[in-house]
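Below: the structure, in structure tokens.
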Amino acid sequence: MNYIGYLINFLIVLFIVSIFGYLLSVLKEKYDLINNKVNLQSKKITQKLLDELDLKIFKLGNLNLSIGDEIKIYLKNNNSIKGTVLGAKKEDNLLCILTLEDKILELKVSKIKKLRIISKYGRIL
């Protein structure tokens, strides 16, 4: 029975350490966001691609989007795409996202039926 007490104490310590690690990672994201840096893990993203995008922070419908936000897009043909916002091209009316399969998609805003934000970059919840 004494082993169960040790196991519970060990699991509580692991839980507290995981919460502390999560808070540290969010604080690092917040610090990078203040300094206009976003860390995205992809081999497809180049600086040239990011320089071609006009808008890094923009409003689409009634949602404020910025680079690094995770979103789910419902298209007019009833398909859905999950990905990370890279930016937008204002003159072409395009939204550029990095999908979960590490592909870069440029979607016309007119093809988007509904948009849902899964998580904002640098936000705790």
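For this structure, a couple of remarks:
- Straight-distance candidates among the lysines for linking to residue 108, with alpha-carbon spacing under 17 Å and chain neighbours fewer than 8 residues away dropped: 56, 59, 72, 76, 82, 89, 90.
- Taking Cβ atoms as reference points and 10 Å as the exclusive limit, the residues near residue 100 contribute a net charge of -1, counting Lys and Arg as +1 and Asp and Glu as -1.
- For residue 72, net neighbour charge (Lys/Arg +1, Asp/Glu -1) across residues whose Cβ lies under 10 Å away: +2
- Of [x] 58, 13, 9; [y] 36, 17, 13; [z] 28, 16, 14, the label for semi-axes √(5λ) of the Cα gyration tensor in Å derived from the coordinates: [y]
- Choice from 76, 113, 43 with maximal GNM fluctuation in the chain (Cα, 10 Å cutoff): 43
- Each residue in 13, 109 was given a count of other beta-carbon atoms within 10 angstrom of its own, and listing them fewest first yields 13, 109.
- Pairwise centroid distance, computed over Cα atoms, of region 74-113 with region 26-49, Å: 19 Å
- Additional length obtainable on full extension of the chain from residue 108 to residue 56, 0.36 nm per residue less Cα span: 17.1 nm
- Charging the Cβ of each Asp and Glu at -1 and of each Lys and Arg at +1, and nothing else, the dipole of region 47-119 about its Cα centre rounds to 440 debye.
- Dividing the summed helix terms, -39500 (n - 2.57) for each DSSP H run of n ≥ 4, by the number of residues in the chain produces a 222 nm estimate of -10500 deg cm²/dmol to the nearest 500.
- Mean sequence separation of contacting Cα pairs (under 8 Å, at least six apart), scaled by the length of the chain, corresponds to a relative contact order of 24 percent.
- Charge tally around residue 63: other residues with Cβ under 11 Å, Lys/Arg +1 each, Asp/Glu -1 each, net +3.
- Fewest-first ranking of 99, 46, using other Cβ atoms within 10 Å as the exposure measure: 46, 99
- Residue of 72, 89, 44 that the Gaussian network model of the chain assigns the largest fluctuation, springs spanning Cα pairs under 10 Å: 44
- Shape call, region 27-71: gyration tensor on alpha carbons, a/c limit 1.5: oblate
- Listed residue (47, 99, 24) projecting farthest to the positive dipole end of the chain, Cβ model: 99
- Cα long-axis angle, helix 2-34 against the chain (0 to 90 degrees, to the nearest 10): 30 degrees
No value in this document is a laboratory result; all are computed from the given coordinates. No experiment lies behind these values; they were computed from the predicted model shown. Note that each Cβ is placed from the backbone with ideal geometry, even for glycine, and that neighbours are counted across all protein chains shown.
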